[in-house]
1. Of everything in segment 2-60, what is at pLDDT 90 or above, surrounded by 10 or more Cβ atoms within 10 Å (Cβ to Cβ) and hydroxyl-bearing (Ser, Thr, Tyr)? Give them in sequence order.
2. Quickly run through segment 1-44 and pick out the residues that are in contact with a Lys or Arg (Cβ under 7 Å, 6 or more places away or on another chain) and not small (Gly, Ala, Ser).
Amino acid sequence: MEQVLTLIEVSRETSIRMQVLFAVLLGVSRCDINGVKYSDIDYINRTLKVQRQLGKKSSP
């Protein structure tokens, strides 16, 4: 827990702060986070749809 809190604190003034929070709080991967659009977030029902991934393709 101490390491997670340190990670969140260190990322506070960076461009990846939201990515760090999504990863820590929701347990989603970087490719999933990069694929999230504003329209995927439902603030009323407090849900997030992970419908796409953005990132490098993995080799078979």
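The values are calculated or read from the model by the stated rules, or taken from the named source; none is laboratory data. Here the structure is a predicted model, which is why all the values come from computation and not from measurement. Cβ placement follows ideal geometry from the backbone for every residue including glycine, while neighbour counts extend to all protein chains displayed.
1. Thr6, Ser11, Thr14
2. Residues satisfying the conditions are Gln19, Asp40.
Results for (1) touching a Cys at 6+ places or on another chain (Cβ under 9 Å); (2) of a type in the set (A, V, I, L, M, F, W, C); (3) touching a residue at least 60 places away in the same chain (Cβ under 8 Å); (4) not in a loop (DSSP other than H, G, I, E, B), shown as yes or no for each residue.
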| position | (1), (2), (3), (4) |
| --- | --- |
| Val4 | no, yes, no, yes |
| Leu7 | no, yes, no, yes |
| Glu13 | no, no, no, no |
| Asp32 | no, no, no, yes |
| Val36 | no, yes, no, no |
| Ser39 | no, no, no, yes |
| Ile44 | no, yes, no, no |
| Val50 | no, yes, no, no |
| Lys56 | yes, no, no, no |
